[in-house]
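Notes follow once the structure below has been shown.
Nothing in this text is a laboratory measurement; each read-out follows from the coordinates by a stated rule. As the structure is a prediction and not an experimental result, all values here were calculated from the model. So basically every Cβ, Gly included, is an ideal-geometry build from the backbone, and we count neighbours across all protein chains shown.
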Amino acid sequence: MRRFKHFLGFFTVFLCVLVLNTVRVQASPTDKRLGGIDRYDTSVKISIDQWSSSENVILVSGENFPDALCASPLSKKLNAPILLTETKELNAKVLVEIQRLGTKNVYIIGGTGVISDNVENTLKNLGINVVRIAGNDRYETSIEVAKYLGTITSAVIASGESFPDALSIASIAGAKQMPILLTDKNNLPASVESFIKDNNIAQGYIVGGTGVVSSNIESKLAGYKRLAGADRFLTNAAIINEFINELSFDSIFIATASDYPDALAGSASAAKLNSPIFLTDGALQLKDSTLLIKLKDVKTLRILGAASVVTDAAVDNLIVNVVFSEVFEYKYHDNTLQYYVNRQFTLGGNVIYGGGTVTLDNLTYYMNPANFVSDDRGKYMFLKLDYRNGVTVEDLNRMLSGKGILNAKGQAFLTGGQTHNVNPIYLVAHSLLETGNGTSKLANGILVSSVDGIAVEPKMVYNMYGVGAYDSDPNRCGSEYAYKHGWFTVDAAIIGGAEFISQGYINSTRKQDTLYKMKWNFVDIWHEYATDIGWAYKQTYVIKQLVAQTKNSVLYFEIPVFK
């Protein structure tokens with residue numbers, strides 16, 4: 001079986017439906033769109049957002065990206081916005097912004113081939129001091145920019161032939177004052193290699209996979225860590241994750257990955273706020289669970305570019321899992337659904353609780369995820385039952401309020417979940433069902449004086465999940481099982497039962513970590529939690545009600561996809 005984080009083909013549309021049909025909505029962050037009629041105007045809007053005045057401005061080409069990529073660390077050092085201009089003439093709106101800022105110094109990045117003498121002279125004629133930072137090529141220009149940063153302890157190595165990976169780390173490099181040194185794909189330029197050696201920059205980061213910065217270059221940089229993913233978006237996530245505890249998520253920036261100007265101009269503002277930049281292609285949906293937790297803290301979304309560049313839908317797609325607190329993953333199977341249905345029909349001990357005949361049709365209905373996954377209740381068949389951050393003791397106690405012996409036992413369920421890697425919402429749901437909302441005899445304690453016909457020291461025992469409570473004599477069997485396992489307090493029974501569920505199903509080698517997988521085991525059919533073909537769906541009613549009572553949990557779902 002192969003596991004993927006992205007749906008392909010028609011499943012992309014299917015995923016959008018799943019994510020948007022959610023139940024709980026939490027307050028969304030404030031959108032602040034920083035976009036103009038073109039890239040030059042957008043750079044002005046970004047500048048206005050963060051700078052009321054500035055003695056210094058970084059001026060880069062809006063037509064050619066390589067020299068511009070390394071500008072963010074310098075902008076942070078000088079507390080200067082990054083503005084864009086055309087090659088031959090200073091953009092009129094950018095000129096107005098330079099004058100509004102009261103700028104005294106303009107640092108032009110790149111030679112006259114990217115920003116002409118005419119632009120430089122226009123600024124000088126206004127009494128503005130102009131400093132041109134340039135080398136013989138893009139690689140040497142990145143070195144010249146680095147020289148302005150002073151003492152350097154670490155650096156970033158990025159492709160000088162493509163822009164997304166450099167943009168992903170630009171604001172972070174700025175905030176941490178790491179120069180962005182450019183390289184070609186296969187060989188580290190001699191000038192860059194010498195600069196690193198001469199300045200004893202023994203550590204840093206290589207951004208992007210071997211398709212953009214080769215392993216040959218990596219072999220020359222022993223102290224450098226590669227930050228990369230399978231594509232530009234996963235690389236973007238890997239970079240942000242590397243620095244996740246050093247960044248502020250009060251505000252985040254969202255930019256298109258299709259072009260460089262808006263993200264580049266935005267990197268100056270993001271570095272000033274110590275914020276990350278997230279790249280999107282318009283349809284991207286963020287799935288990284290660690291980032292999703294952090295993004296719940298976001299108060300402001302700074303969207304870089306006009307709605308024609310980063311659409312409102314693109315923003316919704318990127319953050320919708322945070323807004324709705326749901327994350328979907330997909331597990332691909334090597335056989336068709338019908339193959340598993342036929343196998344289950346032949347080998348499984350299938351029944352319909354309350355009577356009825358199991359047929360291929362009704363068996364197919366309950367085994368087919370498409371019949372449940374877009375349903376507000378049915379989707380909980382696919383809720384991941386391993387432990388996840390977000391559910392609090394307060395959440396659990398709300399669920400347990402007035403539930404007999406279970407009232408106010410939220411801490412025990414949370415401890416059981418954390419200790420044995422089980423979703424505490426599931427533990428509560430399971431317990432409420434088995435104990436009749438905390439009122440059953442097993443839950444409220446049974447005095448046991450013999451086990452398996454042998455006298456033992458009389459003790460009161462508790463069983464909160466019906467473990468070992470066989471139908472032939474549930475109270476005796478369940479209480480003797482509890483005695484054998486030392487469940488002499490309510491807390492011990494809650495935590496100990498969580499261990500049983502964990503070891504037997506959720507965290508066993510079979511990884512039956514959803515209700516669907518607990519019911520349908522495609523490898524070991526004999527190891528299924530119940531014989532009732534509707535069992536998994538029937539459990540979802542209580543889980544859905546409990547989820548509605550949580551405030552900050554992120555829910556994770558695993559949807560099976562068949563050949």
- Note on the structure: Rounded to the nearest 10, the angle in degrees between the Cα long axis of helix 312-323 and the longest principal axis of the Cα atoms of the chain comes to 40
- Task: Specify the longest stretch of the chain that does not include any exposed loop site, a site being one of the chymotrypsin sites (Phe, Trp or Tyr not before Pro) with a non-H, G, I, E, B DSSP assignment and at most 12 other Cβ atoms within 10 Å.
- Result: 1-352
- Using the Cα centre as the reference, give the magnitude of the dipole from point charges on the C-beta atoms of segment 27-323 (Lys, Arg: +1; Asp, Glu: -1; all else neutral), rounded to the nearest 20 debye. 680
- Message: Give me LYS299, LYS544, LYS409, LYS538 sorted ascending by neighbouring Cβ count inside 10 Å, so fewest comes first.
- Response: LYS299, LYS538, LYS544, LYS409
- Taking square-rooted eigenvalues a ≥ b ≥ c of the alpha carbon gyration tensor, is the chain rounded, prolate or oblate, where a/c under 1.5 means rounded and, failing that, a/b exceeding b/c means prolate? prolate
- Using a Förster distance of 56 Å, how high is the FRET efficiency between ASN118 and LEU433, based on the Cβ-Cβ distance and rounded to 0.05? 0.15
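Which ordering of GLU161, GLU480 is given by a fewest-first count of other beta-carbon atoms within 10 Å?
GLU161, GLU480
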- Task: Within segment 39-127, report the GluC sites (Glu not before Pro) that DSSP leaves as loop and that have at most 13 other Cβ atoms within 10 Å.
- Result: GLU55, GLU89
- Fewest first, what order do MET518, MET381, MET460 take by the number of other Cβ atoms within 10 Å? MET460, MET518, MET381
- Task: For segment 445-563, build the charge dipole from Cβ charges (+1 Lys, Arg; -1 Asp, Glu) around the Cα centre, then report which of PHE522, THR509, ASN463 sits farthest towards its positive end.
- Result: PHE522
- Item | Cβ-based net charge around VAL131, under 15 Å, with every Lys or Arg adding one and every Asp or Glu removing one | 0
- Cα gyration tensor, segment 27-323 - rounded (a/c under 1.5), prolate or oblate: oblate
- Query: What FRET efficiency would be calculated for the residue pair ILE454, THR419, taking the C-beta separation as r and a Förster radius of 41 Å, to the nearest 0.05?
  - Reply: 0.85
- Roughly how many Å is it from the Cα centre of segment 121-135 to that of segment 196-227, as a whole number? 34
- Item | Whole-number percent relative contact order across the chain, with pairs defined as alpha carbons under 8 Å at least 6 apart | 14
- Can you give me the Cα centroid spacing of segment 391-465 and segment 257-281 in angstrom? 50
- Note on the structure: The pairs in LYS124/LYS299; LYS197/LYS272; LYS459/LYS544; LYS88/LYS225; LYS379/LYS403; LYS77/LYS225 lying past 31 Å Cα-Cα in this model are LYS124/LYS299; LYS459/LYS544; LYS88/LYS225
- Message: I want to make sure I understand the PRE zone here: with the label point 7 angstrom from the Cα of ASN186 toward its beta carbon, which residues in segment 195-225 have backbone N atoms less than 18 Å away?
- Response: 209-220
